[in-house]
Amino acid sequence: MSAISDYAWQIFAVSDAEVRKLRHDAVELVTRAVQPALWLLLFGQVMAHVKGITLQSTSYLNYLVPGILGQSVLFVAIFYGINTIWKRDLGVLHRYLVSPAPRSALVLGKALSSTVRGFSQALVVYALTLILGVQVSLQLGDILGVIVFIALAAGLFSTFSVIVACIVRTRERFLGIGQVLTMPIFFASNAIYPIRLMPHWLQIVSRLNPLTYEVDALRGLMLPTTASRIGIPTDFVVLVTSFVVLVTIAAWLYPRMGE
């Protein structure tokens, strides 16, 4: 039991160190809030008048809200790996690597800290829904479900980001690859339009995209009149499995960052 508690404490210690920096940089939270606001206020209002997108169960703006929340979590987490490169350049990463903490604890600690940024994006999106009059579920069970899926997605995409950072190792390459990866992940998902509108080959890609399962679960939990098309249990299993696989890969690659 003590080994489990020690492992949990090591994860918390790494996460706490990351979160402390965020508390001293509130400007980042404010700037991150601009992006979902622009998508909902501008893109959502325009696309709601496009005749090709017809939704029987809800309005397009309602449909868009969970997708923009998923997108916000993705955009925040996917560039998390650059922090790992920056720490290596400053020599901070070497201190982590010589500590007795398992490499998986270091990876999970970073994943946990990324959920804080994800939760901040959720608060922004929920606040915007109140302003725009979007009907989202405020039942406790649904909100707790949203929290779980945001945490899973933030951890998954931040871990994927760490893997990319371990491979490319320089900030310039990471930024270039991060920008290349972000748009396909976003647009090859159900975030802003239904999968049925995609060409067949893109529908296959979407089914392999973790963001699709996150948004599907968020849509089923946030919108009272819209059910999850894939199934929330399936969404959960896919995201958990993907997260475990990515953590395993990241824990194996992570020590190489210090070389």
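Hey, fewest Cβ within 10 Å first, where do Phe75, Phe157 land in order?
Sorted ascending by nearby Cβ count, the order is Phe75, Phe157.
Kindly write out, for region 104-114 in residue order, the coupling ³J(HN,Hα) from the Karplus curve 6.51 cos²θ - 1.76 cosθ + 1.60 (θ = phi - 60°), rounded to whole Hz, with x marking Gly and Pro.
5, 5, 5, 5, 5, x, 5, 5, 5, 5, 5
Since every read-out is calculated from the coordinates, none of them should be taken as a lab result. Quick caveat: nothing in here was measured; it's all calculated off a predicted structure. Every residue, glycine among them, receives a Cβ derived from its backbone with ideal geometry; neighbour counts consider all protein chains shown.
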